[in-house]
Amino acid sequence: MSGRVLVGVKRVIDYAVKIRVKPDNSSVVTDGVKHSMNPFCEIAVEEAVKMKEKKLIKEVVAVSCGPQQAQETIRTALAMGADRGIHVEVTGKEYETLGPLQISKIMAALAKKEEAQLVILGKQAIDDDCNQTGQMTAALLDWPQGTFASEVSFEGDKIKVVREIDGGLETIKINMPAVITADLRLNTPRYATLPNIMKAKKKKIANMKPADLGVDITSRLEVLRVDEPPQRQAGVKVETVEDLVSKLSEAGLV
Amino acid sequence: MLLRKVSQSSALCGSILRIPPVLSGGQRHAGAVVAVQNVRLYASQAAEAVLEKPAAVGSDTAGKVEMKTVAAESKSFAVNIFKGQIATAQVFPYPSALNEEQEQFLRELVGPVGKFFEEVNDPAKNDALEKVEDHTMEGLKEMGAFGLQVPADLGGLGLSNTQYARLVEIVGSHDLGVGITLGAHQSIGFKGILLFGNPAQKKKYLPKLATGEHLAAFCLTEPASGSDAASIKTTAVQSPCGKYFTLNGSKIWISNGGLAEIFTVFAKTPMKDPKTGEMKDKISAFIVEKSFGGVTHGPPEKKMGIKASNTAEVYFDNVRVPADCLLTEVGGGFKVAMNILNNGRFGMAAALSGTMKGVITKAVDHAANRTQFGNKIHNFGAIQEKMARMTMLQYVTESMAYMISGNMDSGATEFQIEAAISKIFASEAAWTVTDECIQIMGGMGFMKDAGVERVMRDLRIFRIFEGTNDILRLFVALNGFQNAGNQLKSLQKALKNPIVNAGLLAEELTKRAKRKAGLSTGLTLQGSVHPELAQSGELTTKAIEQFGAVIEELLIKHGKKIIDEQFVLKRVADTAIDLYAMVVVLSRASRSLSQGNASAQHEKMLCETWCVEAHDRIMQDIKRLRSSQSRQLFKNLRAISSAVVENGGVVAPHPLGF
């Protein structure tokens, strides 16, 4: 096995920011808004770096797709301990329509190119909440997948993944190479220390375009409209069960 | 119409300024100009003038005169206003001292540092425990916060002053106790090694200091020597073989005193005067390791604020300090001390601008949400005035901090007056702003949980340590006077050869004539200041002209005795501070306007409002400095003070008679 792990990191609006919809309802305001690495991607990076520290794997490569600013996100991964970065440059309209399908095509192409042993992604991004990229990447590569991982360990040439599912916890053993997506309780990401940020400056970030990987990133989806969630309406208090029933039948619910 | 006033004194012993007899009017061309002769002190020694007893100055300082100060043009804005001149090099345009790489790096640092202080550091806990929590200290060390300015090849981050200021601002906005722990360590504790250490010393000490494995402390103050630093009594006697010094003495109120492993200690070393052969006591600076033995410390002091910071007495009992632990040379200690303090001052302004920002946010949050009398209170004028003033004070402080750090990073060597001004301004502004924040918040502000009373308690010390604001005011004024006096001395020289210098002399004549007549002397900020701020620029220019005039008048009136006229010096300093404040906001707002920033119009308003009020204050002070009524007032103040001292308390008997 190559000992190389690919980690995808996405630049999203910071979780603490109050989201506002653009007046034309086309999308969300991003200009001048604080961005940071998707929290689940942080957990993914942390897991990969931990594996390297335990000498289970040899190299961690951080990948991000997007405009120039995506490099900041890659640098954060480098500061956390990734060895090098790959920036797949996508800008303008193409960036706005970038989604799980396109990303998974890119990740699959890179996984093959880099002969990765593992691809670790966050389970979903906090901006679109798609929860699809990991699964699509595995399918395109025809690799096993361990999604919603809350625990990952190596067992010989296989990987044991404990998955958080609705019913509880499910443990599976899969072959490598494989795709893993990180869930919340997998680990607690480390703070990037200032000396590590400084060391990260020396690490390399390779630049490329989707075309270089032979990937077509045209979107199959069109966003029609973006709206804020409806304002919460006040509830109504009723005195008796009869009132309740009549209100419910008025609303056509019984 | 040139001024001719005699102010001579034959008492030269310990004098700082000497005024010779005036040249009579008919002697040369252009009448008499009183000149100041033999001004002997340059920048750092001006501090000496204030702090050292006259006996200690002695005649050997004459030998140390840097003659170039007399002739060289100073680039410092503050120095030049005392001569009624505007030196724009260091103030316009507003410096941008970060290249692309430095800026990008800094942006990457700001996030993690802020996150750490929001999520890990608990200021209330630190205050209650009266120490920085252990896991927080560990986290800070891991984060690299203890070696921000140590060169990267010695294990630090190698940050420039501007980058350092930006990070220190974050610390200041969250926890000043931690700020002082960090600052006492790197801003003054081991700064001496950074600035003055030889390569061997740097290599030996900096790596462990950078990681925080060793903490550092700055040891100058003693029970009997605070502001009067030159009077310290700790001794370091060199061994006959010359290989080591024996250190004896005690220091008080040393930040990190109970935690440090490495101490920068200032002590008196007896040394032979090369000229006279007599033994003199000069201050020397040493790197002292706790491991040398004989270094002990007292328990942590119980303080009003910055409780998390360790403050303790440090005792040196026959400590053997190797000679190669000397910083610079024997007798060079005072300069080391002054330079260390001078070098770290901008950091204080940066930290406090962060503190004010944080506190203003709390005040705004309260004012925007609190309803009284059927309205949100921010709609009432009384609150609006408070908020506006708080904002202006923060804007000025921030502008000063980054202007000075920018100047330092661009290689400026003359910034000591500006640094002193920024420390005075920042510490007083922060106090006022926090006080007003508590006022806006009302009873809530007084409660511990709101977190503002702690900031207030933390802030009080900032007007006291690292040079009390009172001493720094004297420093600003005297330093300015000395430089202005130098110019007069150059004029005197020019007078000796009037034909060659006819042009210069005529110029000087005309300038004074115009000033006296209240006309503009051609001084202008046009071209430096954005056209939309022209009016504020005008106010500043007028103020500088009048300031230059009154300085000259005062020099002539008082001569060398100006150093004792502390009532005068305080007002002179206040004016200089206001002038620098005006110019920094003019510079920053001009840049915003030129760059078309979204906030440019708001900044213009801040600038204009500030300048109008500052101009008024300045003109008032200048008027008072010239009036005979204030002389009477000063006399009264002096007399009241004497009476109270003599009486051991208030003099007037109780209105009830008992």
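The values are calculated or read from the model by the stated rules, or taken from the named source; none is laboratory data. Since this is a predicted model, take the numbers as computed values, not measurements. In this analysis, Cβ positions are derived from the backbone assuming ideal geometry, glycine residues included, and neighbour counts consider all displayed protein chains.
Structure summary
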quantity	calculated
Filter pass, A:A82 being closer than 20 Å to A:V179 by Cβ and within 14 Å of chain B (Cβ to nearest Cβ)	no
For B:G144: the one exception among (1) at pLDDT below 95; (2) touching a strand residue (DSSP E or B) at 6+ places or on another chain (Cβ under 6 Å)	(2)
Unique match (being within 14 Å of chain B (Cβ to nearest Cβ) and either over 30 Å from B:L157 (Cβ atoms) or modelled with pLDDT under 95 (or both)) among A:K202, A:K112	A:K202
Any helices (runs of 4 or more DSSP H) falling wholly within region B:71-131 and containing at least 3 residues that are over 30 Å from B:G522 (Cα atoms) and among the aliphatic types (A, V, I, L, M)	B:100-119, B:123-129
Region B:501-552: number of residues that are closer than 19 Å to B:A484 by Cβ, within 31 Å of the chain's Cα centre (by Cα) and among the hydrophobic types (A, V, I, L, M, F, W, C)	7
Hey, A:R190 at negative phi, within 14 Å of another protein chain (Cβ to nearest Cβ) and either surrounded by fewer than 18 Cβ atoms within 10 Å (Cβ to Cβ) or part of a helix (DSSP H, G or I) (or both) or not	yes
Hey, A:P177 within 14 Å of another protein chain (Cβ to nearest Cβ), crowded, with 17+ Cβ neighbours inside 10 Å and either touching a His at 6+ places or on another chain (Cβ under 9 Å) or under 21 Å from A:V152 (Cα atoms) (or both) or not	no
Region B:95-133 - residue that is farther than 30 Å from B:A312 by Cβ and of a type in the set (S, T, N, Q) and, of those, farthest from the other protein chains (Cβ to nearest Cβ)	B:S96
Residue satisfying condition, being in a helix (DSSP H, G or I) and surrounded by fewer than 22 Cβ atoms within 10 Å (Cβ to Cβ), within set A:A109, A:A79	A:A109
Verdict on A:V245 being at pLDDT 90 or above, more than 14 Å from chain B (Cβ to nearest Cβ) and either closer than 30 Å to A:I57 by Cα or in contact with a Lys or Arg (Cβ under 9 Å, 6 or more places away or on another chain) (or both)	no
Residue satisfying all of: in region B:134-178; among the acidic types (D, E) and under 23 Å from B:V359 (Cα atoms); nearest to the other protein chains (Cβ to nearest Cβ) among these	B:E169
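For (1) in contact with a Pro (Cβ under 9 Å, 6 or more places away or on another chain); (2) in contact (Cβ under 8 Å) with a residue 40 or more places away in the chain; (3) surrounded by fewer than 24 Cβ atoms within 10 Å (Cβ to Cβ), each residue gets a yes or a no:
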position: B:F446; (1), (2), (3): no, no, yes
position: B:I464; (1), (2), (3): no, no, yes
position: B:L472; (1), (2), (3): no, yes, no
position: B:N483; (1), (2), (3): no, yes, no
position: B:Q492; (1), (2), (3): yes, yes, yes
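Residue-by-condition table, conditions (1) free of Cβ contacts under 8 Å to residues at least 24 places away in the same chain; (2) surrounded by 21 or more Cβ atoms within 10 Å (Cβ to Cβ); (3) among the basic types (K, R); (4) part of a strand (DSSP E or B):
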site: A:I120; (1), (2), (3), (4): no, yes, no, yes
site: A:C130; (1), (2), (3), (4): no, no, no, no
site: A:G146; (1), (2), (3), (4): no, yes, no, yes
site: A:E170; (1), (2), (3), (4): yes, no, no, yes
site: A:K173; (1), (2), (3), (4): yes, no, yes, yes
